[in-house]
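Taking it in order: structure first as structure tokens, then the write-up.
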Amino acid sequence: MRIRTNTGNRTERTENNETSDPDPARHGSACQCRPRHVHTAASHQPAARRAELENFHLVGPTGRSYSIERFPSGSPLVIYFGYATCQRSCPTALNSIAEAIDRLGKLGASVQPVFIDMDPERVALVSIPAYMESFGPSFLGLTGSTDEIRQAAKSFNVKLERLQLSDDPTDYIMKHSSPIFVIRPNDPHPKALPATSSPEVIEATLRSML
């Protein structure tokens, strides 16, 4: 088992006009030419996910917007809610996800692990891309405003509680409980696994979706 350290392509077809003979009678019949239909490539717009289904509307480290329907429809997502300053449960769950993807071999390239940071006030204290890299190059860290994160958590029924320890606004801890969600973008609902699931259990769930 790996040990990771938590350190804080449009091609457009043009119309080729057929030219009729100026004296079609020479050929015994008149040329009845129809213009060709021109097909124009349309940009792919994924269908919006229904509002009652689990989803998120968050941003990645480059500012790109993400939601479930924006990912390839046949590629499983492994989603985990947590926070980058977490010292125990989050690294443990993320390590298990990473090991499960490793166990898939080449199939692992089709899996997209997604970490949703639930503590936007402290996200500036750590580098989310560096934190994700410590678990694997394919890990994607997402965040957003407090309201966007709460909406995402509510959609997945993830409980989040902020415990204030003193009058100092920065003196608080985040208490949360998040399963490991496995879903393909075209699935109506995710499969929820306990956060303490072994890499073998996560791997088996992913294999069933590949």
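The values are calculated or read from the model by the stated rules, or taken from the named source; none is laboratory data. Computed from a prediction, not measured in an experiment: that's the story for all the values here. In this analysis, Cβ positions are derived from the backbone assuming ideal geometry, glycine residues included, and neighbour counts consider all displayed protein chains.
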What is the residue count in the stretch 168-190 for residues that are farther than 16 Å from residue 55 by Cβ and within 16 Å of the chain's Cα centre (by Cα)?
1
Please enumerate the residues belonging to the stretch 145-167 that are surrounded by 11 or more Cβ atoms within 10 Å (Cβ to Cβ), among the charged types (D, E, K, R) and farther than 22 Å from residue 193 by Cβ.
148, 150, 162
Please find, within the stretch 133-165, the residue that is nearest to residue 178 (Cα to Cα) out of those that are in a helix (DSSP H, G or I) and among the hydroxyl-bearing types (Ser, Thr, Tyr).
155
Tell me which of these residue 179 doesn't satisfy, since it passes every other one: (1) out of contact with any His (no Cβ under 9 Å at 6 or more places or on another chain); (2) exposed (fewer than 14 other Cβ atoms within 10 Å of the Cβ).
(2)
Here is a list of conditions, (1) over 23 Å from residue 69 (Cα atoms); (2) assigned to a strand (DSSP E or B), and residue 169 meets all of them except one; can you say which number that is?
(2)
For the stretch 93-132, the count of residues that are closer than 20 Å to residue 180 by Cβ, modelled with pLDDT under 95 and not aliphatic (A, V, I, L, M) equals 3
